[in-house]
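The values are calculated or read from the model by the stated rules, or taken from the named source; none is laboratory data. Remember, it's a predicted structure, so these values are computed and weren't measured experimentally. Cβ placement follows ideal geometry from the backbone for every residue including glycine, while neighbour counts extend to all protein chains displayed.
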Amino acid sequence: MEAKELQNVWKLVKKLRGPEGCPWDKEQNHHSLLPYLIEEVYEVASAVEKGDVEDLKEELGDLLFMVFSYISIAEEKELFRLKEVIDAINHKMIVRHPHVFGDKDLKTSQDVVNHWHKIKDEERKKKKKSIMDNIPCNISALIRAKLVQERASRVGFDWKKAQDAFLKVKEEIKEIEQLLYKSQSREKLQEEIGDLLFAVVNVARLLNIDSEIALRETIEKFIQRFKYIEGKIAEQNKSLHEVTLEEMESLWEESKRI
């Protein structure tokens, strides 16, 4: 860890928020910066998925700057200081890694994960918190659904296997199908579609498949195939509005073969 370089970033944040700093930066607070923080996290994830090292380096820098900005704002409001943040994470990681910093014998990665969750559950119990507390609200709904299901699973509230969970998916599909042919409210259909998505995430989780990554990959696949359609139509000196659905579907199938 290069302490001098980190100090330079910290000084930069302080300068931007100081009396001689940037008007925009000085106006920001924890709430106003939240959309940018979330965006930076997703940009880091995107760089990892693309395998772009240069992009990852840049995005991690942006994220580090955002973290320091949050801490600087907290210091200004006398909520907590940088040292407290560092001390807290050091203490937490030492406590949660007794197999490294203590005499706990944990041989496998799964042993470590199980013990990690046990410690977190004990911490929640002391604070009289629900096992469902502290699940972020602003993350992707697919990721949040998985986190909720994982926490329920840790106390035994779970399907035994993916095949059992898939029966729930079929049940939810049937309920939606029945509603489509009845005069039902939009709210009821929305509820049932939400149930279906939640059930699909459950199946994916039990198959050790990340539903967020799976959907992101499908979206990218759709985009690439649609771009193929656009390219082929452009070669004909036509616009998308000048071709039929049948022609676009034919090109779609062609893109799949390629």
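Structure values in brief
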{"item": "Selection status of Arg144, modelled with pLDDT of 90 or more and of a type in the set (D, E, K, R)", "result": "yes"}
{"item": "Scope region 93-117; condition surrounded by 12 or more Cβ atoms within 10 Å (Cβ to Cβ) and assigned to a helix (DSSP H, G or I); matching residues", "result": "Ile94, Val95, Pro98, His99, Asp111, Val112, Asn114, His115, Trp116, His117"}
{"item": "Test for Ile209: is it among the β-branched types (Val, Ile, Thr), part of a loop (DSSP other than H, G, I, E, B) and either more than 28 Å from Leu34 (Cβ to Cβ) or in contact (Cβ under 8 Å) with a residue 40 or more places away in the chain (or both)", "result": "yes"}
{"item": "Subset of region 79-116 (residues that are under 27 Å from Val67 (Cβ atoms) and among the basic types (Lys, Arg))", "result": "Arg81, Lys83, Lys92, Arg96"}
{"item": "Scope region 210-258; condition within 30 Å of Glu150 (Cα to Cα) and among the β-branched types (Val, Ile, Thr); matching residues", "result": "Ile213, Thr218, Ile219"}
{"item": "Condition broken by Cys137, with the remaining ones in (1) assigned to a helix (DSSP H, G or I); (2) in contact with a Lys or Arg (Cβ under 8 Å, 6 or more places away or on another chain); (3) under 30 Å from Glu39 (Cβ atoms) satisfied", "result": "(1)"}
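Table: residues versus (1) in contact with a helix residue (DSSP H, G or I) (Cβ under 7 Å, 6 or more places away or on another chain); (2) modelled with pLDDT under 95; (3) in a helix (DSSP H, G or I).
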site	(1), (2), (3)
Val200	yes, no, yes
Ala204	yes, no, yes
Ala214	yes, yes, yes
Glu220	no, yes, yes
His241	no, yes, yes
